[in-house]
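K.L.:
This is the structure, below, for whatever I ask next.
Read-outs throughout are calculated quantities, based only on the coordinates presented, and are distinct from any laboratory measurement. All figures in this text were calculated on a predicted structure; none of them were measured in a lab. Positions of Cβ are generated from backbone atoms using ideal geometry, with glycine treated the same way; all protein chains shown enter the neighbour counts.
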């Protein structure tokens with residue numbers, strides 16, 4: 001039979017271990033802005049009702065068009081603000097599967113993203129399920145200014161109002177503002193259904 005001291009010690013030990021366990025922290029998600037490998041664009045990844053969407057938030061060469069889109073009506077659509085990561089759902093710890101749209105060839109591929117570390121996102125796309133390729137994206141600080149370089153900037157100084165009260169790129173809303181409300185639905189490919 002166990003002595004009273006032994007039982008008291010075991011109770012204390014079990015209680016201490018239970019209290020000492022760290023709280024479970026959810027795994028990080030790739031929400032935020034990412035600089036693509038070739039440094040020609042930043043993609044803002046947002047969560048829309050449990051699915052991740054990636055939208056072009058900055059271009060090194062402003063004025064890009066979706067000229068290779070399979071839908072001729074969308075070929076004059078600007079690439080800035082265009083979705084490229086489409087409905088990525090978490091399928092494993094640290095992995096989200098969905099589709100990726102490549103405006104350089106007008107095709108949509110099955111894809112997945114995963115965080116290699118807090119500042120590196122691995123993006124992989126596959127054609128026919130076995131011809132796969134990928135690249136690493138680097139996390140960048142989100143900026144309010146469209147068209148600015150993907151580096152840290154000095155604080156903005158107050159500027160004089162523009163003539164005719166026109167908006168400029170510095171005070172226009174980001175192309176991803178209110179993006180989730182513009183997703184037409186869960187079926188079909190958004191880039192082919194007129195999301196602008």
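K.L.:
Distance in nm between label sites at residue 138 and residue 29, each 7 Å beyond Cα in the beta-carbon direction?
P.N.:
Once both label points are built, they end up 2.6 nm from each other.
K.L.:
If R0 is 30 Å, what FRET efficiency do you get for residue 181 and residue 40 from their C-beta distance, rounded to 0.05?
P.N.:
Step by step, r from the Cβ atoms, then E = 0.60.
K.L.:
Please give the contour-minus-distance gain from residue 49 to residue 61: 0.36 nm per residue of separation, less the Cα-Cα distance, rounded to one decimal in nm. It would help to have the intermediate numbers written out before the result.
P.N.:
Numbers: separation 12, 0.36 × 12 = 4.32 nm, distance 3.17 nm.
Working it through step by step, the gained length comes to 1.2 nm.
K.L.:
Further, regarding this structure: On average over all directions, what projected area in square nanometres does region 31-141 have, based on the convex hull of its Cα atoms?
P.N.:
Values: hull surface 28.2 nm².
Average projection, Cα convex hull of region 31-141: 7.1 nm².
K.L.:
Can you pull the one-decimal nm distance between simple spin-label points at residue 76 and residue 119, each 7 Å off the Cα toward Cβ?
P.N.:
About 4.3 nm separates the two model spin labels.
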